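Working notes, beginning with the structure itself.
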């Protein structure tokens, strides 16, 4: 339930029914306004476990939402212990004041049971040279020992801070909008004997960084099961931050644990010849979503791709390949329903006929063509209303049906 709900007066029995429904769906996050006094006592026990505090710390004044929350915590200090999810934001993304920093730290110090933290501003920066310490330093003290989910939207985070976050004892889900600019191997004594609990990592890469920092990061994640990589646009040199070969090498440390891989963002073909993305080393990888430029590494529509299936993991179950518009990979004919044609039939046929010997659990293939204003820019969100379905040629369609593989193809109108 993402919408604001205002409850002014409800029968007590109905209140308990509502709260119990939240208990049955513990992942549901609700934003609720202040309610009548009889409701608050119940909320202290149940509802606040699902409460999202969304706070703009840059707003000043005694009547701001932030100050109302602090005032409420002052009157009933134990309420803050029930808050498990916190979203901190600021209207002035690049100019947080010292007062804003203090306000954020004040709130962080109160919510001692916090499990999920979403920072939409630059308050996490250890680069802040201020007193009291910034919230970046706050996290580096490991006080948030119960934190299981953390989102950082700031473009500035150092390697030392990132490594510290990785070793928070219960952190399982980490989302970074930007990769650290600097790279320094953490001191061995700082991580000796510590275990990284991280199971899910979402990472945005927007700069011309090389494979080494990413590989070093993944080496520290011994239990990673889900990895989402968002590629930025081309750099001034005309290449992506990473190409398929570099990503393949960087992901070697997670070959034994990863189950879900998603690589999204800008789709552009490298001007220099590179090998396709090689996922054959993964042991338990089941679900793959990947950009066509990484999967094929070439935009040559006439190229015969013998043995492409050998680069997929034997544990594969679901495969989705996203294409940029007009990349000449999906070729369609009007009127709809369209049929895939030309060289695509070759590698598609190979996928089907080699299922039993190479990846016996393979069950689903999705090809999607997304709109782009030119190669190198990020995809628009996929919208079926702007696409039409394409079909496999009869011969390949029969091979897919014989091997129990479902197929969906979506091309831009």
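The values are calculated or read from the model by the stated rules, or taken from the named source; none is laboratory data. Model, not experiment: these values are computed from the prediction. Glycine also receives a Cβ, built like all others from the backbone with ideal geometry; neighbour counts cover every protein chain displayed.
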Worksheet item: residue 324: touching a strand residue (DSSP E or B) at 6+ places or on another chain (Cβ under 7 Å), modelled with pLDDT under 85 and buried (at least 17 other Cβ atoms within 10 Å of the Cβ), yes or no?
Response: yes
Item to complete: Looking only at the range 228-244, decide whether some residue is within 26 Å of residue 146 (Cβ to Cβ) and either modelled with pLDDT of 85 or more or assigned to a loop (DSSP other than H, G, I, E, B) (or both).
Response: yes
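Looking at the range 263-282, is at least one residue assigned by TED's automatic domain parsing to the domain that holds residue 355, part of a strand (DSSP E or B) and at pLDDT below 85?
Yes, the range 263-282 contains at least one residue that is assigned by TED's automatic domain parsing to the domain that holds residue 355, part of a strand (DSSP E or B) and at pLDDT below 85.
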Item to complete: For the range 116-134, indicate whether the set of residues that are in a helix (DSSP H, G or I), surrounded by fewer than 18 Cβ atoms within 10 Å (Cβ to Cβ) and at pLDDT below 80 is non-empty.
Response: no
